[in-house]
Amino acid sequence: MTALAEKTDPTEAMITAHSVTFSGWSKSAREDALMRLRKMGLPDRRDEYWKYTRPDSLTQATAPTAAIFQNDEPPLFGEMDRLKIVFVDGVFDAAASDDLALEGITIERLATAQSDLHWARDVYGVLESHGQSPVARPLAALNTALATDGVLIHVSRTPSKPINLIYTHNSDTSDAILHHCIKLDPGTEVTLLENGPAAARFNKVIEVEVGNTASFNHIRAQGRDHERRAATHIFGRLGTESEFKSFTLTVNGVMTRNEVVLELTGDDAKAHVAGACVGDGEFHHDDTVFITHDAVNCESRQVFKKVLRNGAVGVFQGKILVKADAQKTDGYQISQSLLLDEDSQFLAKPELEIYADDVICSHGSTSGAIDEDALFYLRARGISKGDATDLLTLSFLAEAVEEIEAETLKEEILERLTGWLARRRS
């Protein structure tokens, strides 16, 4: 039996379990995605970009169970003036959300957007489909085909406040498939925040079209949902002199796979992708990033830091592809782990593929333990071992957190991270 034949049954089972009627403006994109999904099949460990991560809990037809808990923390970003959009078990919750009207932008639900000539036809499934080459991303194709809700955000003028997507769940077997499309017109800027306990299993795609001289800022916190199983994808296309910045903080969760696929198609574009995670015990966290430089004088940065203990596993797969005409490319990539015991693992696969000759590109990956000299120095000054370890951990994560541009958001992320570290010792 061929490898694809072995994938057919679980693929069809997943499609049947998430039956969606295709109609309206997204029908063509959904049908195309379904065809691609059937052709490639769901991922398994024999696939090159899944050899470090078992996709089982993300691909079984029925969602695994997960505990429902009350989040006793103050809401993240709660002090900010922001537009709240809430999803419960993958469905938009109008009662918990703010009025979607916001100056300079239009926001619609994927589930209810009707126009046959909708602007999202040029985004929905388009960037995802393009991002399937040269690496197949079947969970993203599944999302495009079977997504039941999401938001469509068109930014025609810079809004006065950020947009906050909040994901919660009330069912211990909830299985959410959300798809968001975002289009920034030239010269505009928007900040997108994401947080909240997600469903027991969560599959999310965001497609972002960043127009010329536009700027997209994204801050995401994957927090206290201890049994989270999540596969997220961000597909972005950057125009001339545009900027794309994304930061993700992850703690807890059983299985988290975050993929970012960006294409710099306009000259002088900049893309910064960063992440920090703290993992403990039955924790597997995978950052997979693919950035393609296809224009002149563009810049990209990948900065990822992982702190792991008690057998936790961290994975980083990052690639910079520089095409032949992408001269004067500046590409930087670093992935580092701090292992707090001998049972944890960090698996890294940094890659550069360069076809231009006037470039500055570098990558590095390291893994190590707490600096014993630094720990001794802090303890000699009366700081407990736990507090000293947390200080050194925060210092290690700081380079990734510094990628956040807004000082208020940076401070809030550091404050929340400090609290999480303290609770792990209580």
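Checking VAL322 against (1) in contact (Cβ under 8 Å) with a residue 40 or more places away in the chain; (2) in contact with an Asp or Glu (Cβ under 8 Å, 6 or more places away or on another chain), only one condition comes out false. Which one?
Only one criterion in (1) in contact (Cβ under 8 Å) with a residue 40 or more places away in the chain; (2) in contact with an Asp or Glu (Cβ under 8 Å, 6 or more places away or on another chain) is unmet by VAL322, namely (1).
Checking GLN222 against (1) more than 15 Å from GLY131 (Cβ to Cβ); (2) in contact (Cβ under 8 Å) with a residue 40 or more places away in the chain; (3) touching a Leu at 6+ places or on another chain (Cβ under 9 Å), which single condition isn't satisfied?
All conditions pass for GLN222, except number (2).
Looking only at region 379-402, count every residue that is under 25 Å from LYS161 (Cβ atoms) and either surrounded by fewer than 19 Cβ atoms within 10 Å (Cβ to Cβ) or more than 22 Å from the chain's Cα centre (by Cα) (or both) and tell me the total.
1
When region 251-276 is examined, which residues are found to be modelled with pLDDT under 95 and of a type outside the set (Val, Ile, Thr)?
The answer is ASN252, GLY253, MET255.
If I ask for residues that are out of contact with any Phe, Trp or Tyr (no Cβ under 7 Å at 6 or more places or on another chain), surrounded by fewer than 23 Cβ atoms within 10 Å (Cβ to Cβ) and under 13 Å from ILE334 (Cα atoms), which ones from region 273-316 would you list?
Of everything in region 273-316, just one residue is out of contact with any Phe, Trp or Tyr (no Cβ under 7 Å at 6 or more places or on another chain), surrounded by fewer than 23 Cβ atoms within 10 Å (Cβ to Cβ) and under 13 Å from ILE334 (Cα atoms), namely VAL303.
Can you tell me how many residues within region 13-35 are in a loop (DSSP other than H, G, I, E, B), touching a helix residue (DSSP H, G or I) at 6+ places or on another chain (Cβ under 9 Å) and within 22 Å of ALA63 (Cα to Cα)?
Number of matching residues: 3.
One residue is enough: does region 253-264 have a residue meeting the conditions free of Cβ contacts under 8 Å to residues at least 40 places away in the same chain and touching a helix residue (DSSP H, G or I) at 6+ places or on another chain (Cβ under 9 Å)?
no
One residue is enough: does region 166-185 have a residue meeting the conditions surrounded by fewer than 23 Cβ atoms within 10 Å (Cβ to Cβ), without any contact (Cβ under 8 Å) to a residue 60 or more places away in the chain, in a loop (DSSP other than H, G, I, E, B) and not aromatic (Phe, Trp, Tyr)?
Taking every residue of region 166-185 in turn, at least one turns out to be surrounded by fewer than 23 Cβ atoms within 10 Å (Cβ to Cβ), without any contact (Cβ under 8 Å) to a residue 60 or more places away in the chain, in a loop (DSSP other than H, G, I, E, B) and not aromatic (Phe, Trp, Tyr).
What residue, of ALA136, ALA141, ALA199, is surrounded by fewer than 21 Cβ atoms within 10 Å (Cβ to Cβ), among the aliphatic types (A, V, I, L, M) and touching a residue at least 60 places away in the same chain (Cβ under 8 Å)?
On inspection, the qualifying residue turns out to be ALA136.
Restricting attention to region 404-426, and to residues there that are assigned to a loop (DSSP other than H, G, I, E, B) and at pLDDT 90 or above, which single residue is surrounded by the most Cβ atoms within 10 Å (Cβ to Cβ)?
The selected residue is ILE404.
The conditions are (1) under 23 Å from ARG220 (Cα atoms); (2) part of a helix (DSSP H, G or I); (3) not aliphatic (A, V, I, L, M), and SER335 fails exactly one of them. Which is it?
Just one mismatch for SER335, condition (2).
Would a scan of region 340-361 turn up a residue that is surrounded by 15 or more Cβ atoms within 10 Å (Cβ to Cβ), acidic (Asp, Glu), within 26 Å of LYS270 (Cα to Cα) and in contact with a strand residue (DSSP E or B) (Cβ under 7 Å, 6 or more places away or on another chain)?
The answer is no; no qualifying residue exists.
Looking at LEU142, LEU152, LEU127 in this structure, which one is part of a strand (DSSP E or B) and either aliphatic (A, V, I, L, M) or over 13 Å from LYS204 (Cβ atoms) (or both)?
So the residue among LEU142, LEU152, LEU127 that is part of a strand (DSSP E or B) and either aliphatic (A, V, I, L, M) or over 13 Å from LYS204 (Cβ atoms) (or both) is LEU152.
Only one of these conditions is not met by VAL401: (1) within 21 Å of ASP343 (Cβ to Cβ); (2) at pLDDT 95 or above; (3) among the hydrophobic types (A, V, I, L, M, F, W, C). Which number is it?
Against the list (1) within 21 Å of ASP343 (Cβ to Cβ); (2) at pLDDT 95 or above; (3) among the hydrophobic types (A, V, I, L, M, F, W, C), VAL401 comes up short only on (1).
Looking at GLU207, GLU241, GLU227, GLU189, can you tell me which residue is closer than 24 Å to PRO43 by Cα and surrounded by fewer than 22 Cβ atoms within 10 Å (Cβ to Cβ)?
GLU227
The values are calculated or read from the model by the stated rules, or taken from the named source; none is laboratory data. Everything numeric here is computed off the predicted structure, so don't read it as measured data. So basically every Cβ, Gly included, is an ideal-geometry build from the backbone, and we count neighbours across all protein chains shown.
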